[in-house]
Amino acid sequence: MPIRVKKLRRASVLKQIFTSPLYILITIAALVAYYELFTFLIVSSNEGIFFVTVPIYLIYALIFSASLLMSTSIYAVSQSIKAKYAGAEGGVLSVFTSSIGGLVVGCSCYAPIFSSLLYAVGFGTLQVSSAISFLGVYQTWFVAVFIAANLIFIYHQLGRITRIGGAHRRR
């Protein structure tokens, strides 16, 4: 009779991660770091005033999802080191979505950075001003897209962890 190995599921991996005191601490540390990064980006761009133009719950959801993605990425890397299995990269994505989200949510701090990039690519003055006003009008939707991207990548990382666990059991 063949031996059956219980396959890891994404929900059980998520439970493993967030019942561990170490990963809860990592999540809290990432949450604080992302909040401070977010606050720094907004305050430095608005000359000392914390002023955002999207609902605050979206900001908190973005920060929370980025910290969850960071802790799942750290867990995936630690599991891949234990299993000697490559393919658990991607922890930088949460830093990217949180910082770009901070730039979009700030009153106008993304304008100089974004316009410089667009000018370098070859856009004209009217095209750059149209793109910046487009970002300003739809910035709530952009933050929602960043939150959705974090959640999709958390799901993807959990899938990688289940594959890492399967590779570890086969040895």
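The values are calculated or read from the model by the stated rules, or taken from the named source; none is laboratory data. These figures come from a predicted structure and were not determined experimentally. Every residue, glycine as well, gets a Cβ built from its backbone with ideal geometry; the counts of neighbours run over all protein chains shown.
Return yes or no: is LEU58 at pLDDT 70 or above and surrounded by 15 or more Cβ atoms within 10 Å (Cβ to Cβ)?
Numbers: at pLDDT 70 or above: yes; surrounded by 15 or more Cβ atoms within 10 Å (Cβ to Cβ): yes.
Considered against the rule, which asks whether it is at pLDDT 70 or above and surrounded by 15 or more Cβ atoms within 10 Å (Cβ to Cβ), LEU58 comes out as yes.
Answer with yes or no whether LEU158 is under 21 Å from ILE24 (Cα atoms) and at pLDDT 75 or above. Explain how you work it out, then say what you get.
Details: under 21 Å from ILE24 (Cα atoms): yes; at pLDDT 75 or above: yes.
Yes, satisfied.
Out of the residues in the stretch 130-157 that are over 30 Å from ARG10 (Cβ atoms) and touching a residue at least 12 places away in the same chain (Cβ under 8 Å), state the one that is surrounded by the most Cβ atoms within 10 Å (Cβ to Cβ).
Here is the first cut: in the stretch 130-157, the residues over 30 Å from ARG10 (Cβ atoms) are 130-139.
Imposing the further condition that a residue be touching a residue at least 12 places away in the same chain (Cβ under 8 Å) reduces the set to 131-132, 135-136, 139.
Details: ALA131: 16, ILE132: 17, LEU135: 16, GLY136: 14, GLN139: 21.
The selected residue is GLN139.
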